[in-house]
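Undergrad: Pasting a structure here, questions to come.
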Amino acid sequence: MKIKNRNELIAQRENFLKELKKQKKKIYVCAGTGCVAGGSLEIFEKLKEVIEAKNIHCEVELKTEGQDNSIGLKQSGCHGFCEMGPLLRIEPMKLLYLKVSLDDCEEIVEKSIIHDELVERLVYKKDGISYSVQEEIPFYKNQNRLVLEDCGQIDAESIEEYIAYGGYRALEKCLFDISGEEIIKIISDAVLRGRGGGGFPAGRKWTQVRAQKEPVKYIVCNGDEGDPGAFMDRSIMEGDPHKMLEGMMIAAISSGSREGYIYVRAEYPLAIKRLRLAIENAKQVGLLGENILGTDFSFDIKIVKGAGAFVCGEGSALTVSIEGDRGMPRVKPPRTVEQGLYGKPTLLNNVETFANVPMIIMNGADWYKSIGPEKSPGTKAFALTGNIVNTGLIEVPMGTTLKKIIFDIGGGIRDGKGFKAVQIGGPSGGCLTKEHLDLPLDFDSLKKVGAMIGSGGLVVMDDDTCMVEVARFFMNFTQNESCGKCVPCREGTRRMLEILERIVQGKGKLEDLDLLEELAATISETSLCGLGKTAASPVVSTLKYFKDEYIEHIVNKKCPTKTCQALKTISIEAELCKGCTKCAKICPVAAIHGKVKEPFVIDQEKCIKCGACIDSCSFKAIKED
C-alpha cells in the first residue's frame, strides 16, 4: 500500500476506520516495558489461543476486508497505571482489568468477550467501591491525558490504526493548507514550551532555525531521558510512536529540513524496536521518504542509540554523540539552532514536545492556551514513583498542584506514613516539601522556589527518608555522569560528594555546610553546560528545607530516620538479655561478648551495624537506635 496523494490518504483513513468498526470488541493488552516484564506478552498469546479455541475470529492486525463481528486483539503502549500491571482494556465497554495473569484469560474471554459480563475480582476497588470503567478510576479521572491519550488505547505497532483515528491529519494540513510561517505562528501563539528541561519556547527555536540561510538543516529528537525514575518519553516512543514522528515531520516542513534523527537511550530496546517499525511502516505507505503525498516535501528519519551518558541529554553533547564522537558539551555561542549536528542549523526538541505538535496544529493555539496557566499552557506528563500508593505515568494540566498529584492521583503515601518531600526534575531539580503542596507545577512557579520540572520525574518521599542521603545519592549520580570537560563540574561535584559522604558517615563538621553552599554557588555559576549548572540543586534545596537533618548528622552523629548505616547504634538491653549466646555466634566480626546466662554487650568500635544480631535474638533484647 503506497499512499500517493491527499485524496488517497483520506480514502485510506476512512477504509481503516471502517475495518476497525467491524471488530465488535477490542482487547488492548498493555505491552509497555513494565507490563511486558510482568508477562503481558504471554497473556496476549494466551488470549489469542483461548479466543481461537472458541471458534471466534481473532484479528491481531488491522487488515482490509476483515470479518464482521471479529475480536481485535492488540498490543498497546503503557496504560500508565504501572502499580497495577499487567493491564488489559476492553472496548467499547472501556473496561480496565488489573494485575491480569495467564490463569485469568479463559474467564475474561468467557465472561467479558462472549457474555458481556464483568470479571469483578480484576477491577479496581477503593473504599468499598468498584471501578470497572478506566476513566472513572480516581487515578485516571483526575488527569487530562492528551499526549498520552492513545497510549493504552491504540495498537502501538499499527500505522493503520493511527491513521484511522486521525493520525497524520496534521501533517496533511501542513502540506496542503498552511505555510511554514503559519506553522511556526501556531506553535508560537500556543506558547508551547520544551518539555525536556527548562521550558524554552518551541516557537522561538523553530523561528531561529527557519531563519538560517544554510540549505541543509536537521531535525533532532532527544529521546535520551537519563533522569533516574523518568519514563515519560519512553512510554510515548513505545506506545504512540507515530505521534512523535508526525511532530518531527511538521517541524521539518516549517524549517526546510530533509533529514531527522532520533537519539534514544540504548537501554530502551522496546522503544527502539517500535520506532524502527513505525519508520519502516511510514516509508512503506509513503509518509516518509521522497515527495510525500505527491508534494515536493521529502524527509527521512534515522535512529541513533545513545551511549548511556546522562550529559548527552544536553543539546551540543547529544549532537556530537550522533556524529560518533564522545558526547561532551561545547561552549556557546554558536548555539545548536545555528551550528548543531554536522555544523548545520539543528532544531532539537524532546519526544513529548514533538508529540504535542499534531494536536496543536489540528485544534489551534487558542485551544491549547485554554489548558493550564497563560505562560505555561498545555499538559505535562510525569513519572510518579517512590513512596506513593499509585506509581505510574500521569498527565495533568500545567499548573496542577503537588497536592492533587500526590493525594488525588497518587493515592497518598504508602503504609499511611506522612509526606516529607518530592524530588522533581531528577538530578538537575530540587526538593519540594509540605509547604509547596499548593504550589502550581509549571515552569515559572517552580523556578521561583529553586526547582525545575526537568523532564518530569517525581520521586515521592515519606517521613522515613533521610534527606542528607537523598542529596548524596543525586550528587553521586551527577558526579559519575560528569563528562569531565570543565573543572567546576568535574572537581566541584567530587568535592561536594566527599563532604556529603563524610556527613552520612558521622564525620562531618558544621563548617562543611558553608563549604557545600560555597561550592554549589561556584559550580552553578561557572560550569560549561546545564548539567553542571544544576548539579548542586538537590544539595541546595535539602540544605534550605532540611538543614536540621544535616546538623543532627554532624553534631549528634545521628540519622533521624535511621537510614545512614554508619550512624546506627545497635545495643543490648541488659534486663532483656538471657545470655543465650546466639547473637555472639552469628556476629561476623566478633563484636559481641559476655558470659553464658549473663547479659552480653556489643563493642561499638567493632560493630559494623549489619543487624544480624537483631534478627537472631529470640528475646528482642537487641535494639537499633
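Undergrad: When you scan region 174-187, do you find a residue that is within 29 Å of GLN479 (Cα to Cα) and surrounded by 24 or more Cβ atoms within 10 Å (Cβ to Cβ), even just one? Walk me through it before giving the result.
TA: Residues of region 174-187 that are within 29 Å of GLN479 (Cα to Cα), as a first pass: none.
For region 174-187, residues within 29 Å of GLN479 (Cα to Cα) and surrounded by 24 or more Cβ atoms within 10 Å (Cβ to Cβ): absent.
Undergrad: Give me the pairs: first residue in region 94-115 and over 13 Å from ILE71 (Cβ atoms), second residue surrounded by fewer than 21 Cβ atoms within 10 Å (Cβ to Cβ) and among the small types (Gly, Ala, Ser), beta-carbon distance under 6 Å, and six or more apart or on different chains, which are they?
TA: Within 6 Å, the pairs are LEU95/SER132.
Undergrad: Quick one: count up the residues across region 16-40 that are exposed (fewer than 15 other Cβ atoms within 10 Å of the Cβ) and either over 31 Å from the mean Cα position of the chain (by Cα) or in contact (Cβ under 8 Å) with a residue 12 or more places away in the chain (or both).
TA: Count: 3.
Undergrad: Could I ask something else about it? Looking only at region 91-120, count how many residues are touching a Leu at 6+ places or on another chain (Cβ under 8 Å), charged (D, E, K, R) and in a helix (DSSP H, G or I). First the steps, then the outcome.
TA: Here is the first cut: in region 91-120, the ones touching a Leu at 6+ places or on another chain (Cβ under 8 Å) are 95-100, 104-105, 108-109, 111-112, 118.
In the following step, the residues that additionally are charged (D, E, K, R) were identified as 99, 104, 111.
Filter again for in a helix (DSSP H, G or I), leaving 104, 111.
Here the count works out to 2.
Undergrad: Need the failing condition index for PHE231 against (1) farther than 23 Å from LYS380 by Cβ; (2) in contact with a strand residue (DSSP E or B) (Cβ under 7 Å, 6 or more places away or on another chain); (3) crowded, with 19+ Cβ neighbours inside 10 Å, just the number.
TA: (1)
Undergrad: Looking at (1) within 27 Å of ILE236 (Cβ to Cβ); (2) part of a loop (DSSP other than H, G, I, E, B); (3) free of Cβ contacts under 8 Å to residues at least 24 places away in the same chain, which one does ASN55 not meet, given that it meets all the others?
TA: Condition (1) is where ASN55 drops out.
Undergrad: Yes or no: region 152-160 includes at least one residue that is among the polar types (S, T, N, Q) and under 24 Å from ASN390 (Cα atoms).
TA: Yes, because at least one residue in region 152-160 is among the polar types (S, T, N, Q) and under 24 Å from ASN390 (Cα atoms).
Undergrad: Related question: Of GLU49, GLU8, which residue is outside the structural domain of GLU91 (by TED's automatic domain parsing), modelled with pLDDT of 95 or more and assigned to a helix (DSSP H, G or I)?
TA: So the residue among GLU49, GLU8 that is outside the structural domain of GLU91 (by TED's automatic domain parsing), modelled with pLDDT of 95 or more and assigned to a helix (DSSP H, G or I) is GLU8.
Undergrad: Take VAL100 and tell me if it is out of contact with any Phe, Trp or Tyr (no Cβ under 9 Å at 6 or more places or on another chain), under 29 Å from GLU49 (Cβ atoms) and buried (at least 21 other Cβ atoms within 10 Å of the Cβ).
TA: Working: out of contact with any Phe, Trp or Tyr (no Cβ under 9 Å at 6 or more places or on another chain): yes; under 29 Å from GLU49 (Cβ atoms): yes; buried (at least 21 other Cβ atoms within 10 Å of the Cβ): yes.
So VAL100 fits the description; yes.
Undergrad: Let me ask another. Inspect all residues belonging to region 298-307 and state whether any of them is without any contact (Cβ under 8 Å) to a residue 24 or more places away in the chain and either surrounded by 16 or more Cβ atoms within 10 Å (Cβ to Cβ) or more than 25 Å from the chain's Cα centre (by Cα) (or both).
TA: No: region 298-307 contains no residue that is without any contact (Cβ under 8 Å) to a residue 24 or more places away in the chain and either surrounded by 16 or more Cβ atoms within 10 Å (Cβ to Cβ) or more than 25 Å from the chain's Cα centre (by Cα) (or both).
Undergrad: Hey, does region 315-327 have a residue that's part of a strand (DSSP E or B), in contact (Cβ under 8 Å) with a residue 60 or more places away in the chain and assigned by TED's automatic domain parsing to the domain that holds GLY199?
TA: no
Undergrad: So, of the residues in region 68-97 that are under 19 Å from ASP240 (Cβ atoms) and charged (D, E, K, R), which turns out to be surrounded by the fewest Cβ atoms within 10 Å (Cβ to Cβ)?
TA: Checking each candidate, the answer is LYS94.
The values are calculated or read from the model by the stated rules, or taken from the named source; none is laboratory data. Quick caveat: nothing in here was measured; it's all calculated off a predicted structure. All Cβ positions, even for glycine, are placed from backbone atoms using ideal geometry, and neighbour counts span all protein chains on display.
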